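These notes are about the structure you will find just below.
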Amino acid sequence: MKERFEWGDLGNIEQGRPTLGSWTNVSAYRLLYFTLRQVLNSQLGKEKSREIFVAAGKLAGQEVFLNLVGEVTDFSDLMIKVDTIFNDLKVGIFKVEEADEKKMRFLLTISEDLDCSGVSVDGETKCAWDEGLIAGLLSSFLKVMPTVKEIDCWATGAGICRFEVKIEQTS
Ligand SMILES: [Zn+2]
């Protein structure tokens with residue numbers, strides 16, 4: 001088996017699921033995600049488990065950029081494309097809430113997030129994979145890996161996921 005995940009590994013879904021098609025139920029998706037997280041948390045500890053989800057998200061973000069984003073003219077064009085992709089895949093409703101291009105600091109939000117919207121509020125952010133996804137997507141465009149931190153989440157009681165993005169300035 002080859003080392004790195006590639007888009008083609010997702011398979012030919014039209015051929016593989018001619019009756020059921022490409023959509024599934026959110027609970028089925030969450031069942032996989034949440035049980036996997038539970039096992040990783042208990043076997044490796046929460047911090048290591050989080051790191052794994054961030055790393056997987058980064059890989060996903062880079063693959064999404066490579067396979068779904070296409071030509072990008074500038075940062076705001078990328079944000080529009082991400083919005084469309086998140087809508088098409090029903091990942092969530094994506095918005096740029098604040099953009100400070102001088103300081104290279106951005107606040108991005110996802111409402112109705114696939115990974116957490118509607119879960120019980122326990123005060124802990126839940127969307128480590130999304131942090132990675134955003135970082136991976138942006139890194140493919142920026143050629144540097146930004147820092148992405150979820151500062152609000154459905155699970156912290158915010159009713160929305162909010163991600164702070166900081167991009168290291170080279171000059
Ligand atoms: Zn969240």
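The values are calculated or read from the model by the stated rules, or taken from the named source; none is laboratory data. No experiment lies behind these values; they were computed from the predicted model shown. Methodologically, a virtual Cβ is constructed for each residue, glycine included, from the backbone with ideal geometry; neighbour enumeration extends over all protein chains shown.
Applying the criterion of being part of a helix (DSSP H, G or I) and aromatic (Phe, Trp, Tyr) to the residues of the range 6-34, the residue that is surrounded by the fewest Cβ atoms within 10 Å (Cβ to Cβ) is Trp7. The C-beta contact set for the range 105-120 (first residue closer than 19 Å to Ile85 by Cα, second residue within 10 Å of the ligand (Cβ to nearest atom) and aromatic (Phe, Trp, Tyr), distance under 6 angstrom, 6+ apart or interchain) comprises Leu108/Phe163; Cys116/Trp154; Ser117/Trp154. Here are some residues: Ile151, Ile110, Ile93. Which one is of a type in the set (A, V, I, L, M), surrounded by fewer than 16 Cβ atoms within 10 Å (Cβ to Cβ) and under 15 Å from Met79 (Cβ atoms)? Of Ile151, Ile110, Ile93, the one residue that is of a type in the set (A, V, I, L, M), surrounded by fewer than 16 Cβ atoms within 10 Å (Cβ to Cβ) and under 15 Å from Met79 (Cβ atoms) is Ile93. The set of residues from the range 73-121 being modelled with pLDDT of 95 or more, away from the ligand (no atom under 16 Å from the Cβ) and either in contact with a Cys (Cβ under 8 Å, 6 or more places away or on another chain) or β-branched (Val, Ile, Thr) (or both) comprises Ile80, Val82, Thr84, Ile85, Val96. Only one of the listed residues (Thr73, Thr125) is surrounded by 14 or more Cβ atoms within 10 Å (Cβ to Cβ) and among the polar types (S, T, N, Q). That residue is Thr125. Residues in the range 62-103 that are closer than 19 Å to Val144 by Cα and part of a loop (DSSP other than H, G, I, E, B): Gly70, Glu71, Val72, Thr73, Asp74, Glu101, Lys102, Lys103.
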